[in-house]
Amino acid sequence: MLSRFFRDFQGDVVAIPGRLIALVFFVLLFFIPLFVQQPYILRTLIFANMFVIFAVSWDFISGYTGQVNFGHALFFGVAAYTSAMLNRGAPLGPDWPIWATIPIGAIAATVAGVLMCLPALRLRGPYLALVTLAFPLILTGIIFANTQFTGGELGIPNLDRISESRTTDYYISLVVMLFSVFIMWKFTDARSGLIRTGIILHAIREDEIAARASGINTIRYKLFAFIVGGFFAGVAGGLYAHFMRIAGPSTLELTLSFQAIIWTVFGGIVSIYGAVVGVYFLYPLMEFLRVVPEFRMLIFAGIVVIILLFMPEGIAVWIRDKLERECPRCKLTNVWWRSTCRACSASLH
Amino acid sequence: MIEGIIVNTLVRGGVYALLALGFSLIFGVARVLQLAHTAFYMIAAYGIFYFADMLGWPPVLSILVSIIVTTGIGLLTYKLVIDRVREHHVTVMLITLAVAIVFQELMLIAFTGQYRSAPSFVEGNFTILGVKVVYQHALIFIGALVVLAIIWLLLSKTRLGIAIRATAQDTEVANLMGINVSTILFTVMGIATALAAVAGVLVAPTLVLEPHMLWPPFVMVMAIITLGGLGSVKGSIIGAFVLALVEVLVVYLLPTGAFLKGAAALLVMVIVLVFRPEGLFGVVFEEERL
C-alpha cells in the first residue's frame with residue numbers, strides 16, 4: 001500500500017518537473033516563518049497569498065470560459081464590504097465574529113456573480129469584457145451615495161483582526177490559499193476521472209459552438225464558473241478586509257481588477273499555476289520597487305510589456321514548455337533531458 | 001436649464017464621439033481592443049500645455065505639432081508593440097493597458113503630478129437661445145463635427161475608405177482582393193490615434209491636466225462603444241451623445257450626486273445590453289454568432 005503510494009508519487013509528481021517545482025515551492029512556503037520573522041516580509045507574503053486566490057479565481061472565470069472579466073474587483077469588494085458591515089454590526093444586530101463574516105461575504109460575492117451573469121451570459125467576447133467593467137464602478141457609485149452604511153470615501157474601519165499574531169495570520173492565509181487553489185485546480189483538471197467540469201470547461205473554451213452541438217449546456221457551465229470564481233474571489237476579499245482591518249472603495253477599483261488580469265496573463269492564462277506564479281513573482285517585485293517610488297509603476301508596466309512581447313503565452317507556460325516534453329505516442333509528460341519516453345520508450349524527437 | 005443641458009451634451013458628446021470613433025475603427029478593422037487609446041488623448045492634451053504654455057508657441061502651430069507628435073507615438077506603439085501580439089486577444093488587451101500605464105508614468109515623471117491647465121485658444125463667449133456659450137465649447141463642438149464629417153467622407157467616398165471597410169468586413173477576402181491588409185491596419189491606427197489627439201487638443205483648455213486624466217474617458221469610451229455596438233461607426237457616435245446626455249442630466253438634476261454620473265451612464269449601458277446584446281447598431285458576424 002505504502003510502496004504503491006510511493007510509486008505513484010514518483011511517477012506523477014517527481015518525474016514531472018513542473019509538479020515537482022510546485023510541490024517544493026508549496027512545502028517551502030510552510031517553513032518560511034521559521035526563518036523569516038520580519039513583519040514586513042510576512043505581510044507581503046500574506047497579501048501575496050490572498051491575491052493568489054483572487055488571481056486564480058479570475059483565471060477560473062475568464063481563462064476557462066474564454067470570457068474576459070474586467071470587473072473582477074466586484075467580487076472582492078462585495079465580500080469585503082459585506083464582511084465589514086456584518087463585523088461592525090451596523091445596520092443589523094450584533095457584531096458577527098470573523099469565522100462567520102468571511103464565508104457570508106464570500107456567499108454575497110457569489111450572489112453578485114449570479115447577478116452579473118444576468119446580462120453577462122447573453123454577451124460574448126469583447127462585449128462581455130466591457131460590460132463587466134461597469135459593475136464595480138456602478139457599485140462604487142452606490143457606496144458613495146449611501147455614506148451612512150458604507151462610510152463613503154473612508155470605508156468601514158476597525159474590523160477584527162484575523163488572529164492575534166502575524167505568523168498565525170500567515171498560516172491561515174496560506175492554508176486557505178492552498179485549499180482554494182486545489183479546489184479550483186481540481187475543477188479545471190481535464191484529466192480527472194471524478195469531476196467532469198474540467199474537460200467541459202476546456203471544451204467550451206476551445207470551441208463553444210462545438211460544445212453546444214455535443215449537448216453541453218454551455219450557459220450552465222459559464223454560470224458555474226462565475227459562481228465558483230466569485231465565491232473564491234469573495235474569500236480573498238473577506239480575508240483582505242479583515243487583515244487590513246478596513247473595507248474601503250479601493251477594493252472595488254479598476255486597478256484591482258486589472259491587477260488580477262495582469263498577474264494571471266503574465267504567469268500564463270488557462271493554467272491555474274500561471275496565476276500563482278504571476279502573483280508570487282509580481283507582487284513581491286512591486287513591493288521591492290518601493291525603493292524607487294517614482295519609477296515603480298513604470299518599471300512594473302515595462303516588465304509586463306517586455307515579457308508579454310517575447311512570451312505571449314505567459315512566463316510560467318513558457319518555462320514549463322522548456323522543462324517538459326510530451327511523448328508523441330502515449331502523451332505522458334517527460335523531463336526535457338530525456339531522449340526517449342520514460343514509459344513507452346518512444347523517441348521524443 | 002434645458003438649453004444648458006443641450007449645449008453641454010453636444011460638447012461632451014462631440015469629444016466622446018471622437019474618442020469612441022477611433023476606438024471603434026481599430027476594433028472593427030483589426031479586431032483588437034486597444035486600451036491605450038485614451039492615453040493618446042492625454043498625451044495630446046499635455047502636448048498643448050507643453051507647446052502653447054511652456055514654449056509659448058501660437059495656438060494653431062501647437063495644435064498641429066501636438067496632433068502630429070501624438071499620431072507618431074501612436075504609430076510607433078502599434079509597430080513596436082501591438083502588431084507583434086495581434087493574434088493573442090487577451091495579451092493585446094493587457095499589453096495595451098500596460099502601455100497606457102507606461103505613458104501615464106512617463107507623463108508623471110516629465111510633468112510631475114501637479115495640476116496643469118492649457119491656455120484657451122479663443123477667449124470670450126456669446127449667447128445663443130438665451131444660453132451663454134464659451135467660444136472654446138463652441139470650438140470643441142464644431143471641431144468635432146468637422147472631423148467626424150471628414151472621417152465619414154473618407155470612409156464612404158475614397159478608395160482608402162472602401163479598402164478599410166472591406167478589411168473590416170472580412171480580412172482574408174480583402175487580402176485576396178489585393179488589399180494590403182497590414183498597410184490598412186497601420187493607416188487605421190494612425191487615423192484613430194489622430195482622432196484621439198484631436199479630442200485631447202480640443203478639450204485641453206477646458207480641463208485640469210494631470211497624468212491620470214485618461215481613466216474617466218477610458219471608462220466612458222468602453223461604455224459608448226459597447227452601447228453603440230462594437231465596430232459600428234454610427235453606433236459609436238450615437239452612443240457618445242446618448243451617454244453624454246445621461247451624464248449631463250445627472251449633473252443637472254442631482255447637483256449633490258454629480259459623482260454618480262459615471263455610474264448612471266454605465267447603468268444605462270447595462271440595461272440596453274440586457275435587451276440588445278449586440279448593442280444598438282452592433283454587427284453580428286456570421287462565424288461569431290452563437
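The figures follow:
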read-out: Sparsely packed chymotrypsin sites (Phe, Trp or Tyr not before Pro) within the stretch A:276-349, loop by DSSP, other Cβ within 10 Å at most 16; value: A:W336, A:W337
read-out: Alpha-carbon centroids, the stretch B:1-36 and the stretch B:211-268: separation in whole Å; value: 9
read-out: Debye equation applied to the C-alpha atoms of chain A, log10 I(q)/I(0) at 0.09, 0.11, 0.12 Å⁻¹; value: -0.53, -0.78, -0.93
read-out: Listed residue pairs exceeding 26 Å between alpha carbons, taken from B:K157/B:K261; A:K186/A:K222; A:K222/A:K331; A:K186/A:K331; value: B:K157/B:K261; A:K222/A:K331
read-out: Distance between the stretch A:177-242 and the stretch B:74-98 - C-alpha centres, whole angstrom; value: 29
read-out: Over the protein assembly as shown - Rg/Rh using Cα atoms and the Kirkwood inverse-distance radius; value: 0.99
read-out: GNM top mover of A:A210, A:A48, A:A247 - chain A, alpha-carbon springs below 10 Å; value: A:A210
read-out: Longest site-free stretch - chain B; sites: GluC sites (Glu not before Pro), DSSP loop, at most 14 other Cβ within 10 Å; value: B:124-290
read-out: Cross-link partners of A:K322 among aspartates and glutamates (Cα-Cα below 16 Å; sequence separation of 8 or more within a chain); value: A:E313
read-out: Alpha carbon centroid spacing (whole Å) that separates the stretch A:92-115 from the stretch B:138-177; value: 51
read-out: C-alpha long axis of helix A:98-120 to longest principal axis of chain A, angle in °; value: 80
read-out: Relative contact order %, chain B, counting alpha carbon pairs below 8 Å whose residues are six or more apart; value: 34
read-out: Choice from A:M177, A:M50, A:M244 with maximal GNM fluctuation in chain A (Cα, 10 Å cutoff); value: A:M244
read-out: Choice from B:L33, B:L19, B:L273 with maximal GNM fluctuation in chain B (Cα, 10 Å cutoff); value: B:L273
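FYI, it's all coordinate maths here, none of it is from the lab. Nothing here was measured: the structure is a model prediction, and the numbers come from that model. Note that each Cβ is placed from the backbone with ideal geometry, even for glycine, and that neighbours are counted across all protein chains shown.
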